[in-house]
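Accompanying notes for the structure given below.
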Amino acid sequence: MSNAKPMRVLGIDPGLRVAGYGCITYDRSNPRPILVEAGAIKLDVTKSVSHRLHQLWTDITEIIRDVSPDIVAVETVFSHARQVATAITMGHARGVILLAVENARLPLVELAPTEIKKSVTGNGRSTKDQIQQAITHLLQLKEVPEPPDVADALAIAITGAMRG
């Protein structure tokens, strides 16, 4: 019999409009993850990028302090040729999140979007709706997580727990 305590994982879906976060506990002896807390950081798009980055850092730092995760999982940047500007902006958001995680001296797991999707739905090309439905089922939620960034963050946390 294992004495390993349940692992608390914080998943973060980076964004400069909306950043989702989700914290779960995961115990290898009972592979169904349990929701601790989840939500969305809604950033004011009328403000400068630097202002939103500061707000993101402040909010992520507070969430890390409040949920006390054992590890943090974050999605890697992906880009399409037509969306280079989006990838650069997402890189800024990820940088601030990685800084907050490092500042808290927590282990970090970085996950590719296709790995996250495959982990929770069985399909690396799942839609946002499919991820929301899978998370609702996996965590036995009464309602679908909204906005979709929250479901994405929970999918990141679940995948991070399985990997971590």
Quiz item: When the Kirkwood radius is taken over all Cα pairs of the chain, what Stokes-Einstein diffusion coefficient follows at 4 °C and 1.567 mPa s, in µm²/s?
Solution: 82 µm²/s
Exercise. Considering only Pro147, Pro31, Pro69, give the residue with the highest GNM mean-square fluctuation for the chain, with springs between Cα atoms whenever their separation is below 10 Å.
Key: Pro31
Quiz item: Just Leu43, Leu154, Leu56 to compare: in a GNM of the chain, with alpha carbon springs under 10 Å, which one fluctuates most?
Solution: Leu43
Self-check item: Segment His54-Arg105, length gained on full extension (0.36 nm per residue, minus Cα span)
Solution: 16.4 nm
Quiz item: How big is the charge dipole of the stretch 1-123 about its Cα centre, in debye rounded to the nearest 20, if each Lys and Arg gets +1 on its Cβ and each Asp and Glu gets -1 on its Cβ?
Solution: 220 debye
Practice problem: List, in order, the whole-Hz ³J(HN,Hα) value for each residue of the stretch 87-101 obtained from phi through the Karplus relation with A = 6.51, B = -1.76, C = 1.60 and θ = phi - 60°; use x for Gly and Pro. | Solution: 5, 5, 4, 4, x, 4, 4, 4, x, 5, 5, 4, 5, 5, 5
Self-check item: Options Ala104, Met90, Met162, ranked by Cα towards positive dipole end of the chain, top entry (Cβ charges)
Solution: Met162
Exercise. Evaluate the Debye formula for the stretch 124-164 with equal point scatterers sitting on the alpha carbons, no solvent, and hand back log10 of I(q)/I(0) at q = 0.17 Å⁻¹, in q order, two decimals.
Key: -0.39
Quiz item: Quick one: what do you get for the stretch 1-80 if you divide its Cα Rg by 2.2 N^0.38 Å?
Solution: 1.29
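Per residue, how large is the accessible surface of the stretch 1-95? Use a 1.4 angstrom probe and give square angstrom.
57 Å²
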Quiz item: So which trypsin sites (Lys or Arg not before Pro) in the stretch 124-164 pass both tests, a DSSP loop state and at most 11 other Cβ atoms within 10 Å of the Cβ?
Solution: Arg125, Lys142
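Could you tell me what percent of the DSSP beta bridges with both partners in the chain are antiparallel, to the nearest 5?
In the chain, approximately 65 percent of DSSP beta bridges are antiparallel ones.
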Quiz item: Rounded to a whole number, what % of the accessible area of the chain do carbon and sulfur atoms account for, probe 1.4 Å?
Solution: 52 percent
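The values are calculated or read from the model by the stated rules, or taken from the named source; none is laboratory data. Predicted model only: the values in this text are computed from it and were never measured. Glycine also receives a Cβ, built like all others from the backbone with ideal geometry; neighbour counts cover every protein chain displayed. All accessible areas refer to the heavy atoms of the entire protein, side chains included, with ligands and DNA or RNA removed. Shrake-Rupley method; radii C 1.70, N 1.55, O 1.52, S 1.80 Å.
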